[in-house]
1. Using a 1.4 angstrom probe on the protein heavy atoms only, could you order Trp231, Trp261 from most to least accessible area?
2. With 26 Å as the limit, write out which pairs from Lys131/Lys266; Lys131/Lys529; Lys193/Lys270; Lys69/Lys393; Lys193/Lys293 have Cα-Cα distances beyond it, or answer none.
3. Given labels modelled 7 Å from the Cα in the Cβ direction, how far is it in nm from Lys211 to Ser160?
4. Tally Lys/Arg at +1 and Asp/Glu at -1 over every other residue whose Cβ is under 12 Å from the Cβ of Pro484; what's the total?
5. Please find the FRET efficiency linking Leu355 to Thr109, where r is the Cβ-Cβ separation and R0 is fixed at 56 Å, and quote it to the nearest 0.05.
6. Is the shape of region 180-317 rounded, prolate or oblate, going by the alpha carbon gyration tensor and its root eigenvalues a ≥ b ≥ c, with a/c under 1.5 for rounded and a/b larger than b/c for prolate?
7. Report, by chain and number, residues whose modeled amide H sits under 5 Å from the one on Ser206, excluding near sequence neighbours (fewer than 5 apart, same chain).
8. Obtain the nm distance between the two label points defined at Val515 and Ile390 by a simple spin-label model: each point lies 7 Å from its Cα along the Cα-to-C-beta direction.
Amino acid sequence: MAMKDVINKVKGLFSESAVTGRANSKELSDSQGIKDTPKKDASYWITRLESSKLREQFWMRKARDYEVKYLNESDKGSLYHDHNTEGLDKLRYNIFYANTELLHCALLTEIPQPALERRFAKEQAQDPTKKQFFTTVSELMERALSHNVKNVELEREFDSFKYDYLISGRGVLWASYESDLDGQGNLKDESVKIEHISYRDFRISSGRSWKEVFWVARRHLLSRDDLVKRWGKLGKQIQLNYTDEDHKQFNISDIKRAEIWEIWDKTTKKVYFVCPTYKEAVLEELDDPYHLKGFFPTPEPLRSIHSNLTMIPTPELDLYVREARDMSIGAARIANLVDKIRARAFYAAMNADKLDKLNSAGDDEYIAIDDMDGITQVGGMQNFFAHDPIEIKQQVAQGLYLQQDNLLQEIYEITGISDIQHNISPQETATATLAKGRFGSLRLRSRQKRINDYIKGVYSIAAEIICERFTIETLKEITSMELPHSQDKMQYQLSMQMQDVQYNQMVNDAQMQGVQSPQPPPVDKVQAKFFERPSWEEVKEFLENDRLRSYMMDMETTFNVWENEQEEVKSRLDYLTALNESIGQAIAVCQSNPRYLQLILKNTSWALSAFPRSRIVRNETDDIIAEILEENKQMAETTQPKEPMPDELIAQAEVMSSYADQMNAQTKAKEAQIKEQKVQ
């Protein structure tokens, strides 16, 4: 094939129509062509779905073409295919694949794990009972969420989600509740399933922003058995005429499935199931099944390029599609030149026999010829041939290689990959290198944060579903937490009250008889502490109350790809050093006067909160501090300290002043260090 045809072929892969779909195309309204049809009518929702498909058809066509380009394969239904040049649609230099794989690894290193941060009002924090209650609830929810997200299947869903986000420009995760019934009709195997929804299987209403979207839909592909299991006789009337768009040209007939759309309508707070080929009625209508705060079981779709004008995504490849085309053309030209740079030459026909003898000779072999003078007259063997000039071709190839490097750098600048590849000078200090790395990864950090926030939104929806739908038996099974039931707790309290009444009666009888009062009955401290915990019924009631459970939920993850292990180790060592110093100073002060223990421990807790990564142990530290304060309070009630002398008061004041100065200095130093790290 001529080089001109190859270049035209590569240009076709990145044609303007492939990038923009259709010039100056108008975004279709969600109500275009829809009459005043009741929402319960199947035709209403079928028309809505068709309108959404038309509105996004050019983006979906681009997404499919970019997907083929990422795979570097041939597709007869794609803009890449040419019937006359089979195989040439496989690009020689697929920069899109390379960039996608790099960002796929950099943006999400592992699945973030949920962690609930307990937040209390001031009066709740001072109430040990309320504090224990909220601590128990947060721990239970964290365990329940972790049980549902720690599995291999979810890793595959997240993997597909990332690829959709990077290739098509939009990623969607959908949370749904699943359960089964046992032989007695009770719920079992309750779980929250988080699924990736392909860009082909997701539709939304028109809107400039997520708050204007009033319905979302996902597509299910069901077999006949699935239809009958879900809708009985009605399932037998639905046609199995869905064929994958990728296989239409092959006329595959053994794929027998029906296309069912699950539509969530925010305006009516209902869920509808519709089949486009069954227009007689809606297959199923459900009232709000989850009672979610935002109603939809999915957060706002994650888009690689955000826009305030439309919810239609823009693939990231659109930003550098022309540079990628030029690189592909350059790679094809280089390959063509390299193929033509060969050691070729002309020679006189009368010397053919001599050349044949020379080519067939072995190592250290001498060949006798009759006319040696003919070779010497032309100046030796170096002038025996007329070589093909390849110097010009080499220069052109070198120029193309240089142009490839420039284009590659431009693409890296556009996508932000250049931020990852920051240079490190051997003369730099470790602090300067770390600062450069942090500054150079600002764009990458921003994208990581958007993905983390999206996953946090999915986890929040999953947590709401757990609160609304999971039974006590399921929560008990998946969390392995030991809590009493309300009935058992009430019986224990009644038994303790009866025991107190009996003991008081025995004391009164002993006093009337003038004998020594009996010893109080022993108390099982382990059992008493167990029944002090909130009951399963109290926790479940709290979880079902949307107003009460709307406390802040923070996701602790090892998400940040730039998080350095040495930095993590140093942060923990700093935390332990500050904790040990505070404890040592507290012991020194309290030995002179235990009354200052409460003030010292409160200051210690406040100072340690300046460490951003101490959340995991900070709650436990606060609990220990609270226990120490409670024990100190009980000791103070039983022991009356002597009044200190004026000299002792002065000495204690000096010690406390010195301690306060040290704590303030440490805190200011730590805050300055954190601010410096944030600036860097």
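The values are calculated or read from the model by the stated rules, or taken from the named source; none is laboratory data. Since the structure is predicted, the reported quantities are computational estimates derived from the model, not experimental observations. Neighbour counts run over all protein chains shown; Cβ positions are idealised from the backbone, glycine included. Side chains are part of the model used for accessible areas, which takes the heavy atoms of the whole protein and leaves out ligands, DNA and RNA. Shrake-Rupley method; radii C 1.70, N 1.55, O 1.52, S 1.80 Å.
1. Trp231, Trp261
2. Among Lys131/Lys266; Lys131/Lys529; Lys193/Lys270; Lys69/Lys393; Lys193/Lys293, the Cα-Cα distance tops 26 Å for Lys131/Lys266; Lys69/Lys393.
3. With each label point 7 Å from Cα toward Cβ, the separation is 3.3 nm.
4. With Lys, Arg at +1 and Asp, Glu at -1, the net is -1.
5. Using R0 = 56 Å, I get an efficiency of 0.35.
6. Oblate.
7. Those lying under 5 Å, H to H, from Ser206 are Asp30.
8. With each label point 7 Å from Cα toward Cβ, the separation is 11.8 nm.
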